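Visitor: Sending over a structure as C-alpha cells; questions will come in a sec.
The values are calculated or read from the model by the stated rules, or taken from the named source; none is laboratory data. Given the structure is predicted, the values throughout are model-derived calculations rather than measurements. Every residue, glycine among them, receives a Cβ derived from its backbone with ideal geometry; neighbour counts consider all protein chains shown. Remember, those area values only see protein heavy atoms, side chains included, never the ligands or the DNA or RNA. Shrake-Rupley method; radii C 1.70, N 1.55, O 1.52, S 1.80 Å.
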Amino acid sequence: MKAFVLNSYAHPSKLALAQDAPEPTPGPNEVIVEIYSAALNFFDILQAQGKYQSQPPFPFVLGAELAGRIAKHSPIPKGCPFKAGDRVFGQAQGCYAERVATDYRVLHPVPKGMSLDEAAGLYVTWPTSYEGLVGRAELKAGEWVLVTAGAGGVGLAAVQIAKALGAKVIATAGSPEKLEVCKRVGGADYAVDYTKEGWQKEVLKITKGKGVDVIYDPVGRIRESLKCISWKGRAIVVGFAGGEIEKLPLNLVLLKNISIVGLHWGAYEKFEPPHVPKVWKELFDLFESGRVKPINYDKVWKLEEVPAGLGSLEKRETWGKAVVRVREDDLDQKAKL
Ligand SMILES: NC(=O)c1ccc[n+]([C@@H]2O[C@H](COP(=O)([O-])OP(=O)(O)OC[C@H]3O[C@@H](n4cnc5c(N)ncnc54)[C@H](OP(=O)(O)O)[C@@H]3O)[C@@H](O)[C@H]2O)c1
C-alpha cells in the first residue's frame, strides 16, 4: 500500500511516499480501517523530526487522525460495535497511508450528515476545546471568552463551543484573512489582531473595561492576555503553538485574583476514563443539533501532498483543520445520508 514510512528522522519536506509499504497487521482489539481522509497536525512535523513526546520505533508511518471505513477484510474483535464498511473517525499512528490498524475503542461513528473530510479532524481538537471551556474553565452563559489563535484548529472549535454555550466570544488572530474566518466562519462576536501592540486595549473597550472571564490559549500568549482578564478570571493553558513554553510571574496571578488552569486532554483516558465518553456524548449532541460544525481549511491535499500540507501548517497559512484526502470515492457520501 501507499504510505509515508519513516526509517529515519527528517523534516516533512524531505518525506517521500512509499508505493509498496507493508499492509498493517492488526493486534488484539484492533480493526483495519480504509483511510479516506487524514488530518494534518503540528505534532506530525515534530514527530517526523524526532522532537515529539511520543516517538514510535522505526520504521513507522506518520499521521495520527483519520476518518474512513472499517475494511472489508478487517477482523472484528469481540465487543467491537463496528462492522465492515462502517464510517468511523478517530486516532491511529500511521494515518498518512491507505490503511491502518487501530484499537476499535479509539474510533467513533461519523456523526450523521458529516463528510469523512470533516470527521477526520474531530478526534483531538473538539474534546480538547470542550473540556477546556466546560470542564476546566467552567464557562457560564453570558461570560466573555478570549480565544487566542481563534482561526486555528482548536481555536475555531473553542469559538463555536463557547458561542453554543451562550458566551460572548472575542477571538484573536494574526492576519486579516484569519480575523475574517473567526467571525464569518466561526461566529465570534469580535476578532482582534493580536500582532498589533496594545491589542488588549481593544478587548477592554469591547468588554467595557471589565475584561474577559476566560482566556483559552493554545499559543503561549497568556502573559500578555492577562492585561485584559477580569477579576476572578480563568486562563486555560492549552498549548504552545508559538513555539515557546511560556513562563508566568505568579505575582500576577495573586494581584489579579485569577486562576491559571492546565488542560491535557490526551491524559484523560489514563486518569479519568469514565469522563471521556461523557465529553463525546455532549459533543455528539452539539454536532447533531447543528449548533457547531467542523471547519476545514479550503485547500484539501492528496495523500502524496502530505509534505506540502504540513509545510503550509508550519508556515501558519492554514485555518481550521487541514486535511489530506486519501481516497476520492466517498465524496458524495454526505449527500446520500
Ligand atoms: N492541551 C491539549 O490537550 C491539546 C490538545 C490538542 C492540541 N493542543 C495544542 O494546541 C496548539 C494548537 O493546536 P491547533 O491544532 O489549533 O494548531 P493549528 O491549527 O496549527 O493552529 C495554531 C495557530 O497558532 C497560531 N500561531 C501563533 N504562532 C505560531 C507559530 N509560531 N507557528 C504556528 N502557529 C502559530 C496560528 O494562528 P495565527 O496565525 O492567527 O497566530 C495558528 O493558526 C498546539 O500547540 C497543540 O499541541 C493541546
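Visitor: Once both axes come from the Cα atoms, what is the angle between helix 275-289 and the longest principal axis of the chain, in degrees from 0 to 90, rounded to 10?
Guide: 90 degrees
Visitor: A follow-up question, please. Give me the percent relative contact order of segment 125-267, please, defined on Cα pairs under 8 angstrom at least 6 residues apart.
Guide: Value for segment 125-267: 22 percent.
Visitor: Considering only DSSP beta bridges whose two residues both sit in the chain, what percent are antiparallel, to the nearest 5?
Guide: That works out to approximately 55 percent antiparallel.
Visitor: Expressed in nm to one decimal, what extension gain is obtained for the pair Glu282 and Gln93 from 0.36 nm per residue of sequence separation less their Cα-Cα distance?
Guide: 65.4 nm
Visitor: Among Pro127, Pro26, Pro307, which one shows the highest mean-square fluctuation when the chain is modelled as a Gaussian network with alpha-carbon springs under 10 Å?
Guide: Fluctuation is largest for Pro26.
Visitor: Now for a different question. Using the Kirkwood radius built from alpha carbon pairs, what does the Stokes-Einstein equation give as D for segment 176-250 at 20 °C and 1.002 mPa s, in µm² per second?
Guide: Details: Rh = 13.2 Å.
Rounded to a whole number, D works out at 162 µm²/s.
Visitor: Can you tell me the FRET efficiency between Val300 and Leu254 if r is taken as the Cβ-Cβ distance and R0 is 51 Å, rounded to the nearest 0.05?
Guide: On the way: r = 48 Å, r/R0 = 0.94.
Approximately 0.60, to the nearest 0.05.
Visitor: Kindly report the accessible area of the chain per residue (heavy atoms of protein chains, probe 1.4 Å, no ligands, DNA or RNA), in Å².
Guide: Numbers: 15570 Å² over 337 residues.
Per residue, the chain has an accessible area of 46 Å².
Visitor: With +1 on each Lys and Arg Cβ and -1 on each Asp and Glu Cβ, and nothing else charged, work out how big the dipole of segment 1-127 is about its Cα centre, in Debye to the nearest 20.
Guide: For segment 1-127, the charge dipole is close to 160 debye.
Visitor: Kindly state, to the nearest 0.05, the FRET efficiency for Glu244 paired with Ile76, given R0 = 45 Å and r defined as their beta-carbon distance.
Guide: Computed FRET efficiency for Glu244 and Ile76 comes out at 0.45.
Visitor: Choose one of Gly63, Pro111, Ala141: the residue whose Cα lies farthest towards the positive end of the charge dipole of segment 8-143 (beta-carbon charges +1 Lys, Arg; -1 Asp, Glu; about the Cα centre).
Guide: So the residue furthest toward the plus end is Pro111.
Visitor: Something else about it: Cα-Cα over 18 Å: which of Lys112/Lys168; Lys168/Lys210; Lys183/Lys293; Lys183/Lys321; Lys168/Lys299?
Guide: Lys112/Lys168; Lys168/Lys299
Visitor: Percent of accessible area on segment 125-267 owned by carbon and sulfur, 1.4 Å probe?
Guide: Percent of accessible area from carbon and sulfur atoms in segment 125-267: 55.
Visitor: Per the Kirkwood treatment, what hydrodynamic radius in Å, one decimal, follows for segment 125-267 from the mean inverse distance over all distinct Cα pairs?
Guide: So the Kirkwood estimate lands at 14.5 Å.
Visitor: What does the helix-only formula give at 222 nm for the chain: each DSSP H stretch with n ≥ 4 adding -39500 (n - 2.57), the total divided by the residues, and the result rounded to the nearest 500 deg cm²/dmol?
Guide: -6500 deg cm²/dmol
Visitor: Based on Cβ point charges of +1 for Lys and Arg and -1 for Asp and Glu, what charge dipole magnitude is obtained for the chain about its Cα centre, in debye rounded to the nearest 20?
Guide: The dipole of the chain has a size of about 980 debye.
Visitor: What is the distance in Å between the Cα centroid of segment 247-306 and that of segment 49-114?
Guide: Centre-to-centre distance over Cα atoms comes out at 20 Å.
Visitor: With charges set only on the Cβ (+1 for Lys and Arg, -1 for Asp and Glu), what does the dipole of segment 148-236 come to about its Cα centre, in debye to the nearest 20?
Guide: Working: 15 positive and 9 negative charges, 67 e Å.
In total the dipole reaches around 320 debye.
Visitor: Applying a 10 Å radius around every beta-carbon, put 9-15, 164-170 in order of their mean neighbour count, most first. Provide the component values of the computation, followed by the final result.
Guide: Numbers: 9-15: 14.9, 164-170: 20.0.
Put in order of decreasing packing, that is 164-170, 9-15.
Visitor: In segment 61-117, what percent of the accessible surface is made up of carbon and sulfur (1.4 Å probe, ligands and nucleic acids excluded)? If you can, show how the numbers build up before the last one.
Guide: Details: 1200 of 2220 Å².
Ligands and nucleic acids excluded, carbon and sulfur give 54 percent.
Visitor: Of the residues Ile32, Ile260, Ile295, which exhibits the maximal mean-square fluctuation in a Gaussian network model of the chain defined by a 10 Å Cα contact cut-off?
Guide: Ile260
Visitor: What's the Cα-based Rg to Rh of the chain, Rh via Kirkwood?
Guide: 0.98
Visitor: Here is a follow-up. For Val88, list long-range residues whose amide hydrogen, built 1.01 Å from N in the peptide plane, is under 5 Å from its own amide hydrogen.
Guide: For Val88, the qualifying residues are Gly68, Arg69, Ile70, Val110.
Visitor: Against the longest principal axis of the chain, how steep is helix 153-164, in degrees 0 to 90 to the nearest 10, with axes from Cα atoms?
Guide: Helix 153-164 sits at roughly 60 degrees to that axis.
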